[in-house]
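Down below is the structure, laid out as C-alpha coordinates.
The values are calculated or read from the model by the stated rules, or taken from the named source; none is laboratory data. None of these values were measured; they are calculated from a predicted model. So basically every Cβ, Gly included, is an ideal-geometry build from the backbone, and we count neighbours across all protein chains shown.
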Amino acid sequence: MEKLKKILQNKKAVLIVGLIVIILLFINLYSKLNKNKITQFAPDENQTEYIAPSLPPLTQSAELREAISLQQKADEEYSNWQNTTRTDFPWINELPVHSEKYFVYFDFNTKVFIGKLYPLVSDDVDEIKNEIQNKLTTDLEIPLEQYPIDWKIFPQ
Amino acid sequence: MGIILFSLVFSVYSGIQNKFTNRTLAQFSPKLGTFDIPSATPMPTYPPEPTNPYVPVTNIYVTVKPGSQVGLITGGPVSSGAPYYCIDDEDPDGCDDNTAFWVPKGSGGAAGSCGTVIEQGHKIVNSLPHFLKGKRDSLSPAVSNCGYTTGTYSSGYISTYMPIDAYNLAGLREMSKNNSQNVLASQLLNWWNIQSTTGYIFIPYSPAAIQNHASGARPLTGCVMFLNLSGGVHVGLVNSLELVAPQSAGNGIISILQSGVSFYVDRFVVDAWNIKNTPLHQTPLQSVAGFGCHT
(Lines give C-alpha, C1' and ligand atoms only; values in the text may rest on other atoms or scores of the structure.)
Protein backbone atom coordinates (compact mmCIF):
# COMPACT_ATOMS: atom_id res chain seq x y z
CA MET A 1 0.00 0.00 0.00
CA GLU A 2 2.85 2.30 0.81
CA LYS A 3 4.42 1.65 -2.58
CA LEU A 4 1.11 2.36 -4.32
CA LYS A 5 0.73 5.62 -2.43
CA LYS A 6 4.23 6.60 -3.51
CA ILE A 7 3.52 5.78 -7.11
CA LEU A 8 0.24 7.73 -7.06
CA GLN A 9 2.06 10.70 -5.60
CA ASN A 10 4.57 10.52 -8.48
CA LYS A 11 2.97 12.64 -11.21
CA LYS A 12 5.05 11.12 -14.00
CA ALA A 13 4.04 7.61 -13.06
CA VAL A 14 0.35 8.58 -12.96
CA LEU A 15 0.59 10.24 -16.37
CA ILE A 16 2.29 7.19 -17.92
CA VAL A 17 -0.29 4.83 -16.45
CA GLY A 18 -3.06 7.17 -17.55
CA LEU A 19 -1.69 7.32 -21.11
CA ILE A 20 -1.42 3.54 -21.24
CA VAL A 21 -5.01 3.20 -20.06
CA ILE A 22 -6.18 5.77 -22.60
CA ILE A 23 -4.35 3.95 -25.43
CA LEU A 24 -5.82 0.62 -24.34
CA LEU A 25 -9.29 2.10 -24.17
CA PHE A 26 -8.99 3.58 -27.66
CA ILE A 27 -7.71 0.29 -29.04
CA ASN A 28 -10.73 -1.35 -27.45
CA LEU A 29 -13.02 1.34 -28.88
CA TYR A 30 -11.53 0.96 -32.38
CA SER A 31 -11.96 -2.80 -32.40
CA LYS A 32 -15.57 -2.46 -31.22
CA LEU A 33 -16.35 -0.03 -34.01
CA ASN A 34 -14.83 -2.29 -36.64
CA LYS A 35 -16.76 -5.25 -35.34
CA ASN A 36 -19.93 -3.20 -35.48
CA LYS A 37 -19.25 -2.26 -39.08
CA ILE A 38 -18.64 -5.86 -40.12
CA THR A 39 -21.89 -7.05 -38.60
CA GLN A 40 -23.76 -4.20 -40.24
CA PHE A 41 -22.32 -4.78 -43.72
CA ALA A 42 -21.96 -8.53 -43.89
CA PRO A 43 -24.60 -9.66 -46.37
CA ASP A 44 -26.67 -12.68 -45.61
CA GLU A 45 -25.32 -15.46 -47.77
CA ASN A 46 -28.82 -16.61 -48.51
CA GLN A 47 -29.76 -13.18 -49.79
CA THR A 48 -27.14 -13.18 -52.51
CA GLU A 49 -28.63 -16.27 -54.12
CA TYR A 50 -31.26 -15.28 -56.67
CA ILE A 51 -34.36 -17.38 -56.70
CA ALA A 52 -36.02 -17.25 -60.08
CA PRO A 53 -39.57 -15.97 -59.79
CA SER A 54 -40.62 -18.42 -62.45
CA LEU A 55 -39.70 -21.50 -60.48
CA PRO A 56 -42.50 -23.39 -58.77
CA PRO A 57 -42.43 -22.71 -55.04
CA LEU A 58 -40.93 -25.31 -52.77
CA THR A 59 -44.29 -25.74 -51.15
CA GLN A 60 -46.68 -26.16 -54.03
CA SER A 61 -50.37 -26.02 -53.39
CA ALA A 62 -52.28 -29.26 -53.68
CA GLU A 63 -54.10 -27.79 -56.67
CA LEU A 64 -50.83 -27.03 -58.48
CA ARG A 65 -49.40 -30.48 -57.69
CA GLU A 66 -52.54 -32.07 -59.07
CA ALA A 67 -52.33 -29.94 -62.25
CA ILE A 68 -48.68 -30.92 -62.80
CA SER A 69 -49.46 -34.57 -62.23
CA LEU A 70 -52.39 -34.54 -64.66
CA GLN A 71 -50.32 -32.75 -67.30
CA GLN A 72 -47.52 -35.29 -66.89
CA LYS A 73 -50.05 -38.03 -67.59
CA ALA A 74 -51.34 -36.24 -70.70
CA ASP A 75 -47.76 -35.71 -71.92
CA GLU A 76 -47.05 -39.38 -71.26
CA GLU A 77 -50.01 -40.34 -73.42
CA TYR A 78 -48.77 -38.08 -76.20
CA SER A 79 -45.23 -39.41 -75.83
CA ASN A 80 -46.48 -42.99 -76.11
CA TRP A 81 -48.36 -42.01 -79.25
CA GLN A 82 -45.17 -40.50 -80.70
CA ASN A 83 -43.19 -43.64 -79.92
CA THR A 84 -45.86 -46.02 -81.19
CA THR A 85 -46.23 -44.27 -84.53
CA ARG A 86 -42.49 -44.30 -85.10
CA THR A 87 -42.20 -47.94 -84.07
CA ASP A 88 -45.15 -49.12 -86.12
CA PHE A 89 -44.24 -46.99 -89.12
CA PRO A 90 -40.46 -46.57 -89.00
CA TRP A 91 -40.43 -44.85 -92.37
CA ILE A 92 -42.84 -42.13 -91.25
CA ASN A 93 -40.11 -39.49 -90.99
CA GLU A 94 -39.33 -40.03 -94.69
CA LEU A 95 -42.78 -38.80 -95.65
CA PRO A 96 -44.43 -37.04 -97.34
CA VAL A 97 -43.07 -37.58 -100.84
CA HIS A 98 -43.88 -34.78 -103.21
CA SER A 99 -43.17 -33.02 -106.45
CA GLU A 100 -45.02 -30.39 -108.45
CA LYS A 101 -47.30 -33.18 -109.63
CA TYR A 102 -48.01 -35.13 -106.46
CA PHE A 103 -48.24 -35.06 -102.70
CA VAL A 104 -48.32 -38.40 -100.89
CA TYR A 105 -48.62 -39.02 -97.17
CA PHE A 106 -49.67 -41.79 -94.84
CA ASP A 107 -52.79 -41.52 -92.73
CA PHE A 108 -52.08 -43.08 -89.32
CA ASN A 109 -55.66 -43.65 -88.43
CA THR A 110 -56.94 -45.24 -91.61
CA LYS A 111 -53.56 -46.95 -92.37
CA VAL A 112 -53.87 -45.80 -95.95
CA PHE A 113 -51.56 -43.75 -98.18
CA ILE A 114 -53.21 -40.68 -99.60
CA GLY A 115 -51.87 -39.97 -103.09
CA LYS A 116 -52.90 -36.54 -104.36
CA LEU A 117 -52.01 -36.07 -108.02
CA TYR A 118 -51.90 -32.77 -109.91
CA PRO A 119 -51.31 -33.82 -113.54
CA LEU A 120 -51.27 -31.51 -116.52
CA VAL A 121 -53.45 -32.50 -119.45
CA SER A 122 -50.35 -33.80 -121.23
CA ASP A 123 -49.21 -35.95 -118.27
CA ASP A 124 -49.58 -39.72 -118.09
CA VAL A 125 -51.25 -40.35 -114.72
CA ASP A 126 -50.14 -44.00 -114.59
CA GLU A 127 -46.57 -42.92 -115.08
CA ILE A 128 -46.83 -40.58 -112.12
CA LYS A 129 -48.35 -43.37 -110.03
CA ASN A 130 -45.50 -45.72 -110.96
CA GLU A 131 -42.94 -43.11 -110.05
CA ILE A 132 -44.55 -42.72 -106.62
CA GLN A 133 -44.83 -46.44 -106.00
CA ASN A 134 -41.19 -46.96 -106.95
CA LYS A 135 -40.13 -44.22 -104.60
CA LEU A 136 -42.12 -45.67 -101.72
CA THR A 137 -41.06 -49.28 -102.21
CA THR A 138 -37.49 -48.95 -103.51
CA ASP A 139 -36.19 -45.78 -101.91
CA LEU A 140 -38.12 -45.87 -98.64
CA GLU A 141 -38.60 -49.65 -98.40
CA ILE A 142 -42.25 -49.34 -97.44
CA PRO A 143 -44.25 -52.59 -97.72
CA LEU A 144 -46.95 -51.19 -99.95
CA GLU A 145 -48.70 -54.56 -100.08
CA GLN A 146 -49.81 -53.86 -96.50
CA TYR A 147 -51.00 -50.35 -97.10
CA PRO A 148 -53.19 -49.38 -100.03
CA ILE A 149 -52.89 -46.05 -101.79
CA ASP A 150 -55.99 -43.93 -102.09
CA TRP A 151 -55.46 -41.90 -105.29
CA LYS A 152 -57.06 -38.48 -105.62
CA ILE A 153 -56.58 -36.73 -108.95
CA PHE A 154 -56.80 -32.96 -109.40
CA PRO A 155 -56.20 -32.14 -113.09
CA GLN A 156 -54.40 -28.83 -113.61
CA MET B 1 -5.56 12.91 -8.66
CA GLY B 2 -5.55 9.37 -9.99
CA ILE B 3 -9.29 9.02 -9.40
CA ILE B 4 -9.99 12.33 -11.15
CA LEU B 5 -7.81 11.33 -14.10
CA PHE B 6 -9.53 7.94 -14.49
CA SER B 7 -12.98 9.56 -14.22
CA LEU B 8 -12.01 12.04 -16.89
CA VAL B 9 -10.68 9.31 -19.18
CA PHE B 10 -13.82 7.19 -18.78
CA SER B 11 -16.07 10.18 -19.44
CA VAL B 12 -14.21 11.00 -22.61
CA TYR B 13 -14.22 7.31 -23.63
CA SER B 14 -17.95 6.91 -23.04
CA GLY B 15 -18.72 10.12 -24.88
CA ILE B 16 -16.64 9.14 -27.88
CA GLN B 17 -18.08 5.62 -27.89
CA ASN B 18 -21.67 6.89 -27.88
CA LYS B 19 -20.93 9.41 -30.58
CA PHE B 20 -19.36 6.80 -32.85
CA THR B 21 -22.08 4.26 -32.22
CA ASN B 22 -24.80 6.75 -33.15
CA ARG B 23 -22.87 7.83 -36.22
CA THR B 24 -22.51 4.21 -37.28
CA LEU B 25 -26.23 3.62 -36.94
CA ALA B 26 -27.02 6.86 -38.69
CA GLN B 27 -24.86 5.89 -41.60
CA PHE B 28 -27.01 2.80 -42.25
CA SER B 29 -30.35 4.13 -41.25
CA PRO B 30 -32.70 4.48 -44.18
CA LYS B 31 -34.65 7.12 -42.20
CA LEU B 32 -31.65 9.43 -42.09
CA GLY B 33 -31.12 8.92 -45.78
CA THR B 34 -27.38 9.07 -45.58
CA PHE B 35 -26.79 5.60 -46.94
CA ASP B 36 -28.46 3.41 -49.52
CA ILE B 37 -29.36 0.48 -47.41
CA PRO B 38 -28.76 -2.80 -49.25
CA SER B 39 -32.01 -4.24 -50.53
CA ALA B 40 -33.33 -7.31 -48.75
CA THR B 41 -33.56 -8.91 -52.20
CA PRO B 42 -30.30 -8.27 -53.99
CA MET B 43 -30.14 -7.81 -57.72
CA PRO B 44 -30.36 -11.23 -59.39
CA THR B 45 -27.41 -12.75 -61.10
CA TYR B 46 -28.73 -14.63 -64.06
CA PRO B 47 -27.15 -17.75 -65.45
CA PRO B 48 -25.27 -17.32 -68.72
CA GLU B 49 -27.18 -17.35 -71.97
CA PRO B 50 -27.19 -20.74 -73.65
CA THR B 51 -24.80 -21.15 -76.49
CA ASN B 52 -25.85 -21.65 -80.08
CA PRO B 53 -28.18 -18.69 -80.33
CA TYR B 54 -31.09 -18.93 -82.68
CA VAL B 55 -30.41 -17.73 -86.21
CA PRO B 56 -33.62 -16.79 -87.98
CA VAL B 57 -34.45 -18.01 -91.46
CA THR B 58 -33.85 -15.26 -93.97
CA ASN B 59 -34.15 -15.43 -97.72
CA ILE B 60 -33.12 -19.03 -98.03
CA TYR B 61 -36.23 -20.11 -99.83
CA VAL B 62 -38.64 -18.09 -101.84
CA THR B 63 -41.52 -17.19 -99.58
CA VAL B 64 -44.46 -16.76 -101.86
CA LYS B 65 -46.81 -15.77 -99.05
CA PRO B 66 -45.99 -14.49 -95.59
CA GLY B 67 -46.15 -17.03 -92.80
CA SER B 68 -45.28 -20.07 -94.87
CA GLN B 69 -42.41 -21.66 -96.77
CA VAL B 70 -42.64 -23.37 -100.12
CA GLY B 71 -41.22 -26.84 -100.55
CA LEU B 72 -39.96 -29.40 -98.09
CA ILE B 73 -36.24 -29.36 -97.49
CA THR B 74 -33.90 -32.28 -96.95
CA GLY B 75 -30.27 -32.36 -95.97
CA GLY B 76 -27.64 -33.80 -93.69
CA PRO B 77 -26.60 -33.00 -90.12
CA VAL B 78 -27.17 -29.47 -88.84
CA SER B 79 -25.68 -27.62 -85.90
CA SER B 80 -28.00 -26.38 -83.18
CA GLY B 81 -27.32 -22.81 -84.31
CA ALA B 82 -28.46 -23.53 -87.86
CA PRO B 83 -31.80 -22.15 -89.06
CA TYR B 84 -33.22 -25.68 -89.34
CA TYR B 85 -34.00 -28.69 -87.21
CA CYS B 86 -33.12 -32.04 -88.70
CA ILE B 87 -35.96 -34.27 -87.56
CA ASP B 88 -33.80 -37.39 -87.72
CA ASP B 89 -31.65 -35.93 -84.94
CA GLU B 90 -34.19 -37.32 -82.51
CA ASP B 91 -34.06 -40.86 -83.88
CA PRO B 92 -31.59 -43.55 -82.86
CA ASP B 93 -29.87 -43.42 -86.25
CA GLY B 94 -29.48 -39.66 -86.07
CA CYS B 95 -29.41 -37.23 -88.96
CA ASP B 96 -26.75 -39.14 -90.82
CA ASP B 97 -27.68 -38.76 -94.49
CA ASN B 98 -28.90 -36.15 -96.93
CA THR B 99 -32.44 -37.52 -97.21
CA ALA B 100 -33.56 -36.36 -93.76
CA PHE B 101 -36.15 -33.64 -93.62
CA TRP B 102 -35.12 -30.26 -92.36
CA VAL B 103 -37.68 -28.17 -90.53
CA PRO B 104 -37.10 -24.41 -90.83
CA LYS B 105 -36.94 -22.60 -87.52
CA GLY B 106 -39.92 -20.28 -87.49
CA SER B 107 -39.57 -16.54 -87.03
CA GLY B 108 -41.92 -13.62 -86.44
CA GLY B 109 -45.45 -14.08 -85.14
CA ALA B 110 -46.54 -13.60 -81.54
CA ALA B 111 -44.25 -11.16 -79.77
CA GLY B 112 -43.87 -9.23 -76.55
CA SER B 113 -41.68 -6.33 -75.52
CA CYS B 114 -38.64 -8.63 -75.30
CA GLY B 115 -38.84 -10.47 -78.62
CA THR B 116 -40.86 -13.08 -80.42
CA VAL B 117 -42.26 -16.09 -78.64
CA ILE B 118 -40.89 -18.52 -81.20
CA GLU B 119 -37.39 -17.09 -80.83
CA GLN B 120 -37.59 -17.92 -77.12
CA GLY B 121 -38.97 -21.36 -78.03
CA HIS B 122 -35.84 -22.10 -80.07
CA LYS B 123 -33.68 -21.13 -77.10
CA ILE B 124 -35.65 -23.48 -74.88
CA VAL B 125 -35.28 -26.31 -77.40
CA ASN B 126 -31.51 -25.76 -77.29
CA SER B 127 -31.65 -26.41 -73.55
CA LEU B 128 -33.76 -29.58 -73.84
CA PRO B 129 -31.92 -32.92 -73.95
CA HIS B 130 -30.47 -33.63 -77.39
CA PHE B 131 -29.78 -37.31 -76.91
CA LEU B 132 -31.04 -39.67 -79.57
CA LYS B 133 -33.78 -41.29 -77.59
CA GLY B 134 -35.58 -40.30 -74.42
CA LYS B 135 -37.99 -37.86 -72.91
CA ARG B 136 -37.31 -34.15 -73.37
CA ASP B 137 -38.47 -33.14 -69.90
CA SER B 138 -35.28 -31.67 -68.44
CA LEU B 139 -33.88 -28.21 -69.08
CA SER B 140 -30.28 -27.05 -68.75
CA PRO B 141 -28.88 -24.47 -68.90
CA ALA B 142 -31.62 -22.12 -67.83
CA VAL B 143 -32.82 -19.65 -70.46
CA SER B 144 -32.95 -16.00 -69.41
CA ASN B 145 -34.23 -12.88 -71.11
CA CYS B 146 -35.45 -9.49 -69.96
CA GLY B 147 -35.28 -10.30 -66.25
CA TYR B 148 -37.04 -13.65 -66.53
CA THR B 149 -35.34 -16.98 -66.20
CA THR B 150 -36.72 -20.47 -66.75
CA GLY B 151 -34.65 -22.12 -64.04
CA THR B 152 -33.15 -25.54 -64.62
CA TYR B 153 -34.96 -28.85 -64.41
CA SER B 154 -33.52 -32.31 -64.00
CA SER B 155 -36.98 -33.66 -64.88
CA GLY B 156 -40.61 -32.58 -64.90
CA TYR B 157 -40.35 -29.91 -67.60
CA ILE B 158 -43.87 -30.61 -68.80
CA SER B 159 -45.35 -29.46 -72.11
CA THR B 160 -47.12 -26.40 -70.70
CA TYR B 161 -43.90 -25.06 -69.20
CA MET B 162 -42.47 -24.36 -72.66
CA PRO B 163 -45.19 -21.91 -73.78
CA ILE B 164 -45.38 -20.36 -70.31
CA ASP B 165 -41.63 -19.79 -70.32
CA ALA B 166 -41.47 -18.71 -73.97
CA TYR B 167 -44.19 -16.10 -73.46
CA ASN B 168 -42.58 -14.81 -70.28
CA LEU B 169 -39.15 -14.67 -71.90
CA ALA B 170 -40.71 -12.64 -74.72
CA GLY B 171 -42.01 -10.17 -72.14
CA LEU B 172 -45.60 -11.43 -71.94
CA ARG B 173 -45.89 -12.07 -68.21
CA GLU B 174 -49.51 -13.07 -67.72
CA MET B 175 -48.89 -16.81 -67.46
CA SER B 176 -47.12 -18.50 -64.56
CA LYS B 177 -45.81 -21.94 -63.76
CA ASN B 178 -47.25 -21.42 -60.27
CA ASN B 179 -50.78 -21.05 -61.62
CA SER B 180 -52.59 -24.37 -61.95
CA GLN B 181 -54.89 -22.74 -64.52
CA ASN B 182 -51.84 -22.34 -66.77
CA VAL B 183 -49.98 -25.54 -65.90
CA LEU B 184 -52.75 -27.93 -66.91
CA ALA B 185 -53.25 -27.63 -70.66
CA SER B 186 -56.99 -28.32 -70.56
CA GLN B 187 -57.37 -25.39 -68.15
CA LEU B 188 -54.92 -23.26 -70.10
CA LEU B 189 -57.28 -23.68 -73.04
CA ASN B 190 -60.10 -22.19 -70.95
CA TRP B 191 -57.78 -19.53 -69.54
CA TRP B 192 -56.88 -18.40 -73.04
CA ASN B 193 -60.51 -17.97 -73.96
CA ILE B 194 -61.07 -15.38 -71.23
CA GLN B 195 -57.88 -13.37 -71.83
CA SER B 196 -58.93 -11.41 -74.92
CA THR B 197 -58.93 -8.15 -72.98
CA THR B 198 -55.20 -8.36 -72.35
CA GLY B 199 -54.19 -9.11 -75.93
CA TYR B 200 -54.53 -12.87 -75.73
CA ILE B 201 -56.75 -14.38 -78.36
CA PHE B 202 -57.91 -17.91 -78.95
CA ILE B 203 -58.32 -19.04 -82.54
CA PRO B 204 -60.46 -22.17 -82.84
CA TYR B 205 -59.04 -24.74 -85.21
CA SER B 206 -60.35 -24.67 -88.76
CA PRO B 207 -58.78 -25.06 -92.20
CA ALA B 208 -59.40 -21.31 -92.63
CA ALA B 209 -57.10 -20.62 -89.65
CA ILE B 210 -54.27 -22.45 -91.44
CA GLN B 211 -55.05 -20.68 -94.68
CA ASN B 212 -55.03 -17.29 -92.93
CA HIS B 213 -51.68 -18.16 -91.42
CA ALA B 214 -50.29 -19.04 -94.84
CA SER B 215 -51.53 -15.78 -96.34
CA GLY B 216 -50.18 -13.76 -93.43
CA ALA B 217 -53.65 -12.51 -92.49
CA ARG B 218 -53.48 -14.12 -89.03
CA PRO B 219 -50.02 -15.61 -88.34
CA LEU B 220 -49.94 -18.56 -85.98
CA THR B 221 -46.17 -18.69 -85.46
CA GLY B 222 -45.48 -18.73 -81.72
CA CYS B 223 -49.10 -19.49 -80.91
CA VAL B 224 -49.85 -22.40 -78.61
CA MET B 225 -51.33 -25.35 -80.46
CA PHE B 226 -53.74 -27.33 -78.27
CA LEU B 227 -53.99 -31.01 -79.18
CA ASN B 228 -56.81 -33.06 -77.76
CA LEU B 229 -55.97 -36.46 -76.34
CA SER B 230 -58.26 -39.10 -74.90
CA GLY B 231 -56.90 -38.31 -71.43
CA GLY B 232 -56.18 -34.60 -71.57
CA VAL B 233 -54.64 -31.93 -73.75
CA HIS B 234 -51.10 -31.55 -75.04
CA VAL B 235 -49.54 -28.26 -76.14
CA GLY B 236 -46.74 -27.11 -78.42
CA LEU B 237 -45.60 -23.86 -79.99
CA VAL B 238 -46.43 -23.41 -83.68
CA ASN B 239 -43.05 -23.30 -85.44
CA SER B 240 -43.53 -23.14 -89.19
CA LEU B 241 -45.78 -24.09 -92.07
CA GLU B 242 -44.19 -25.46 -95.23
CA LEU B 243 -46.37 -25.69 -98.28
CA VAL B 244 -45.68 -27.65 -101.45
CA ALA B 245 -46.67 -26.80 -104.97
CA PRO B 246 -49.30 -26.22 -106.12
CA GLN B 247 -49.54 -23.93 -103.15
CA SER B 248 -53.21 -23.18 -103.62
CA ALA B 249 -53.91 -26.84 -102.82
CA GLY B 250 -52.97 -26.26 -99.19
CA ASN B 251 -50.72 -29.31 -98.83
CA GLY B 252 -47.61 -29.43 -96.69
CA ILE B 253 -46.34 -29.75 -93.16
CA ILE B 254 -46.96 -27.76 -90.02
CA SER B 255 -44.47 -28.20 -87.19
CA ILE B 256 -44.54 -27.51 -83.47
CA LEU B 257 -41.92 -27.26 -80.73
CA GLN B 258 -42.69 -29.00 -77.47
CA SER B 259 -41.28 -30.31 -74.20
CA GLY B 260 -42.11 -33.15 -71.83
CA VAL B 261 -42.41 -35.75 -74.60
CA SER B 262 -40.17 -37.96 -76.75
CA PHE B 263 -39.60 -35.55 -79.64
CA TYR B 264 -39.19 -31.81 -79.35
CA VAL B 265 -40.20 -31.19 -82.96
CA ASP B 266 -43.36 -32.75 -84.33
CA ARG B 267 -44.59 -32.46 -87.88
CA PHE B 268 -48.18 -32.85 -88.97
CA VAL B 269 -49.33 -33.29 -92.51
CA VAL B 270 -51.53 -30.52 -93.86
CA ASP B 271 -53.94 -31.74 -96.51
CA ALA B 272 -56.09 -29.07 -98.17
CA TRP B 273 -55.49 -26.81 -95.12
CA ASN B 274 -56.57 -29.59 -92.74
CA ILE B 275 -54.09 -30.75 -90.09
CA LYS B 276 -53.80 -34.53 -90.25
CA ASN B 277 -52.08 -37.27 -88.30
CA THR B 278 -52.64 -35.83 -84.85
CA PRO B 279 -53.35 -38.24 -81.98
CA LEU B 280 -57.12 -38.07 -82.43
CA HIS B 281 -57.62 -36.91 -85.94
CA GLN B 282 -60.72 -38.94 -86.76
CA THR B 283 -62.42 -35.65 -87.39
CA PRO B 284 -60.35 -32.52 -87.82
CA LEU B 285 -62.27 -30.49 -85.29
CA GLN B 286 -61.58 -33.00 -82.53
CA SER B 287 -57.85 -33.32 -83.09
CA VAL B 288 -56.62 -29.77 -82.80
CA ALA B 289 -58.69 -27.68 -80.45
CA GLY B 290 -57.17 -24.44 -81.58
CA PHE B 291 -54.42 -21.92 -81.13
CA GLY B 292 -53.68 -19.65 -78.20
CA CYS B 293 -52.14 -16.48 -79.60
CA HIS B 294 -51.23 -12.97 -78.63
CA THR B 295 -52.20 -10.02 -80.76
Residue check, A:TRP151 within 7 Å of another protein chain (Cβ to nearest Cβ), over 21 Å from B:THR99 (Cβ atoms) and either assigned to a helix (DSSP H, G or I) or at pLDDT 95 or above (or both)
no
Leading residue by the ranking (surrounded by the most Cβ atoms within 10 Å (Cβ to Cβ)) among those in the range B:219-233 that are within 14 Å of another protein chain (Cβ to nearest Cβ) and among the β-branched types (Val, Ile, Thr)
B:VAL224
By residue number, the members of the range B:99-113 that are surrounded by fewer than 20 Cβ atoms within 10 Å (Cβ to Cβ) and within 14 Å of another protein chain (Cβ to nearest Cβ) are B:THR99
Residue list for the range A:122-145, restricted to those being outside any loop (DSSP other than H, G, I, E, B) and touching a strand residue (DSSP E or B) at 6+ places or on another chain (Cβ under 9 Å):
A:VAL125, A:ILE128, A:LYS129, A:GLU131, A:ILE132, A:GLN133, A:LYS135, A:LEU136, A:ASP139
Members of the range B:219-258 that are free of Cβ contacts under 8 Å to residues at least 24 places away in the same chain and of a type in the set (A, V, I, L, M, F, W, C)
B:ALA249
State whether one or more residues within the range B:127-137 are surrounded by fewer than 19 Cβ atoms within 10 Å (Cβ to Cβ) and small (Gly, Ala, Ser).
yes
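Quick grid of which residues meet (1) at pLDDT 90 or above; (2) within 12 Å of the chain's Cα centre (by Cα); (3) within 26 Å of A:GLU76 (Cβ to Cβ):
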residue	(1), (2), (3)
B:SER79	no, no, no
B:GLU90	no, no, yes
B:PRO104	yes, no, no
B:ARG136	yes, no, yes
Where A:ASN34 falls short, out of the listed (1) at pLDDT 90 or above; (2) in a helix (DSSP H, G or I):
(1)
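A quick yes/no check of all residues on (1) more than 10 Å from chain A (Cβ to nearest Cβ); (2) part of a strand (DSSP E or B):
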| site | (1), (2) |
| --- | --- |
| B:VAL235 | no, yes |
| B:SER240 | yes, yes |
| B:ALA245 | no, no |
| B:ILE254 | yes, yes |
| B:GLY260 | no, no |
| B:PHE263 | no, no |
| B:ASP266 | no, yes |
| B:VAL270 | no, yes |
Using the structure shown, decide if A:GLU127 is among the acidic types (Asp, Glu) and modelled with pLDDT under 95.
no
For the range B:131-157, give me each residue that is within 26 Å of B:SER113 (Cβ to Cβ) and among the hydrophobic types (A, V, I, L, M, F, W, C).
B:LEU139, B:ALA142, B:VAL143, B:CYS146
